[in-house]
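*Asks:* Just dropping this structure here.
The values are calculated or read from the model by the stated rules, or taken from the named source; none is laboratory data. Worth saying up front: this structure is predicted, and the values here are computed from it rather than measured. Counting neighbours? That spans all protein chains shown, and the Cβs are built from the backbone with ideal geometry, glycine included. For accessibility, only protein heavy atoms count, side chains too; no ligands or nucleic acids. Shrake-Rupley method; radii C 1.70, N 1.55, O 1.52, S 1.80 Å.
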Amino acid sequence: MLEKINSPKDLKKLTLEEKEILAEDIRKYILEIVSKNGGHLASNLGVVELTIALHSVFDVPKDKIVWDVGHQTYVHKILTGRKEQLKTLRQLNGIAGFPKTNESETDCFNTGHSSTSISVALGMARARDIKKEDNSVIAVIGDGALTGGMAIEALNDVGFSKCKMTIILNDNEMSISKNVGGLNMFLSKLRTKKLYTKSNISAKKIILKIPVFGRPFVRLIQKTKRSIKQLIIPKMFFEDIGMTYLGPVDGHNIQELENILKLSKQVENPVLIHVLTKKGKGYEIAEKNPDKFHATSPFYIETGKAKKEKGKDYSKVFGEKLVELAKENNKIVAITASMKDGTGLTEFQKQFPKRFFDIGIAEQHAVGLAAGMAKAGMIPVVPIYSSFYQRAYDQVIHDVAIQNLPVIMCVDRAGLVGADGETHQGTLDMAFFRLVPNLTIIAPKDFEELRKMLEFGTSLKKPIVIRYPRGGESDYKFEKCEKIELGKSEILKEGNDISIIAIGKTVAKAMKIAKKLEENNINSEVINARFLKPLDTEKIKESISKTKFVVTIEDGTIINGLATAVDEVILNSKLENVKRLNYAYPDTFIKHGTVDELEKIYGQDIESIINEILKENQAKQI
């Protein structure tokens, strides 16, 4: 059946039975591709019927479907002419794992972070009304994303606005980790009720035609119905803020989905459709382990086991060390924004359940909560992915830094993350954190240095940012790891020709480059900066004064990172005739591909750096 589908127009020609066959074909196709390429599996298997129903009822690109987070759009891409392209999923120059407007006009908005779709869809609906256009606007959002403050803000505005649009609440009881919080409890109550809310549009039209008594009678019925509904479905939140609530509906029954979607088109005010789906649907291994198969590396379909065994990574090392420190200090608490497993906090939760707080997808709240706990005498540790820390920037400044509170902000997935692309690359954190007064910013060169930095952070009594990359440490083995002292760098190799200053994971790269340069009779001094802020100005100034040739290497943006900090040292110290080579990522958003491929493209690989240093060194000698 899948062979017959090249666009949504082809889909609309199918019978219900053919669509059900198509759903199974799509699941097999996605399973085959993700098992080879990796990607987001469970969420996509869960929305197959929903996506088929959406494209059966609505007409893209005229109608706009905004996908929250966007990692569940593989089915959408298959149905909108990108079936063959999906084979290149997440590969360099291949199809992206998220909606991309430059891929297809049926992708109406780029998304990659949660809780954004309702705001965006409302914006599109309001623009439509101003322009007097006639099209539907639909936001598809997961129940986990409703814990995000932006989604709640948008729901409030939607209800108040009375603007015609449809919100699909895809309720699978999961985000990445199992959902938590009051909203999840509220939805759980809704799930237990029978489909109570039914259309009364036709009945209302008939009754309104009755002379004199028609309108008052409708009002009486509405008031009575609302009272009954409040008893049957407690806390009718969505209705109370101004939306028509439809559901719950079986998210794997195409006919029921199509019927309720068609019904929503008749309602003139905002509609919320509550759809119940199962994450990993159709692949038993993913159904039983939806968190494991949220985002997966290539795996064997028969067993679900990864094709490449995962070794120890920075997140795991962080989690192990935090448990060790928490045993010694009962003031240490851990806070996660629905990323317990991804950030290495699983064991911490088991050992210290009363000191562990999963607050759902709500990074702003996570940092605000940490600030309150720090003010009350605790030592909160908040690991969040680099690209998600962007969401809590105001809280970092206003709630933590201004009051100089001892919050330990662990920036996981710093630097390039690869296949997830622009929305997930962690190249901006050093730049935006460096702007904030009172913050100490450090990055470890290897696992052992991360352990020491965590020890240092828990005793600093000031706000600190510890950034570390995705995956494991380099194959380069360092001979030493000096004690961490505030604002002090570490000289790993002495030399007189070039000063190579690096931070974090790039320190290993710097050591490899220095070794290669020795083969060309160039003696490099390698400095592990350790601290981006406060920078070890004296040691760096002394080295550059000696060599008159400085190379900086970092895994962030060229703007306001290590390169900028070292350039400021040169300028402020009035060092003259200094050659400079700065290796960082340009002022752009980095597309998807493997980290090695992207480093090569942007000239950040060892070979490219060595060739340019040799070229510049020759020019220096001339």
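*Asks:* Out of everything in region 580-622 that is assigned to a helix (DSSP H, G or I) and basic (Lys, Arg), what residue ends up being most open to solvent (accessible area, probe 1.4 Å)?
*Replies:* Selected residue: LYS615.
*Asks:* Evaluate the following for LEU571: is it of a type outside the set (Asp, Glu) and surrounded by 18 or more Cβ atoms within 10 Å (Cβ to Cβ)?
*Replies:* no
*Asks:* What is the number of the single condition among (1) at pLDDT 95 or above; (2) open to solvent by 20 Å² or more (accessible area, probe 1.4 Å) that VAL158 does not meet?
*Replies:* Failed condition: (2).
*Asks:* Sort out which residues of region 548-574 are assigned to a loop (DSSP other than H, G, I, E, B) and either of a type outside the set (Val, Ile, Thr) or free of Cβ contacts under 8 Å to residues at least 24 places away in the same chain (or both), and write them in order of number.
*Replies:* Within region 548-574, LYS548, ASN560, GLY561, SER573, LYS574 meet the criteria.
*Asks:* Residues that are of a type in the set (Ser, Thr, Tyr) and within 20 Å of GLY148 (Cα to Cα): list the helices (runs of 4 or more DSSP H) wholly contained in region 330-425 that include at least 3 such residues.
*Replies:* 386-389
*Asks:* Strands (runs of 3 or more DSSP E) wholly in region 437-534 with at least 2 residues that are open to solvent by less than 10 Å² (accessible area, probe 1.4 Å) - which ones?
*Replies:* Here the list reads 440-442, 464-469, 498-502, 524-528, 531-533.
*Asks:* If ASN577 satisfies every condition in (1) buried (at least 22 other Cβ atoms within 10 Å of the Cβ); (2) outside any strand (DSSP E or B) but one, which is the exception?
*Replies:* (1)
*Asks:* Going through SER489, SER499 one at a time, which residue ends up being farther than 21 Å from TYR314 by Cβ, touching an Asp or Glu at 6+ places or on another chain (Cβ under 8 Å), small (Gly, Ala, Ser) and in contact (Cβ under 8 Å) with a residue 12 or more places away in the chain?
*Replies:* From the options SER489, SER499, the qualifying one is SER499.
*Asks:* Sort through GLU256, GLU324, GLU347, GLU320 and tell me the only one that's over 23 Å from GLY472 (Cβ atoms), open to solvent by 40 Å² or more (accessible area, probe 1.4 Å) and among the acidic types (Asp, Glu).
*Replies:* The conditions single out GLU256.
*Asks:* If VAL551 satisfies every condition in (1) surrounded by fewer than 23 Cβ atoms within 10 Å (Cβ to Cβ); (2) in contact with a helix residue (DSSP H, G or I) (Cβ under 9 Å, 6 or more places away or on another chain) but one, which is the exception?
*Replies:* So VAL551 meets the others, but not (1).
*Asks:* Here's a follow-up. If I filter region 370-421 down to residues being among the charged types (D, E, K, R) and at pLDDT 95 or above, which single residue comes out as most open to solvent (accessible area, probe 1.4 Å)?
*Replies:* Residue satisfying both the conditions and the ranking: LYS375.
*Asks:* What is the one condition in (1) open to solvent by less than 20 Å² (accessible area, probe 1.4 Å); (2) free of Cβ contacts under 8 Å to residues at least 40 places away in the same chain that VAL367 does not satisfy?
*Replies:* (2)
*Asks:* So, in region 84-134, exactly how many residues are open to solvent by 20 Å² or more (accessible area, probe 1.4 Å) and not in a loop (DSSP other than H, G, I, E, B)?
*Replies:* 11
*Asks:* Is it the case that region 312-323 has a residue that's polar (S, T, N, Q), more than 19 Å from GLY457 (Cβ to Cβ), at pLDDT 95 or above and touching a strand residue (DSSP E or B) at 6+ places or on another chain (Cβ under 8 Å)?
*Replies:* no
*Asks:* Further question on the same structure: Touching a residue at least 12 places away in the same chain (Cβ under 8 Å) and either surrounded by 18 or more Cβ atoms within 10 Å (Cβ to Cβ) or in a strand (DSSP E or B) (or both): is that true of LEU272 in this structure?
*Replies:* yes
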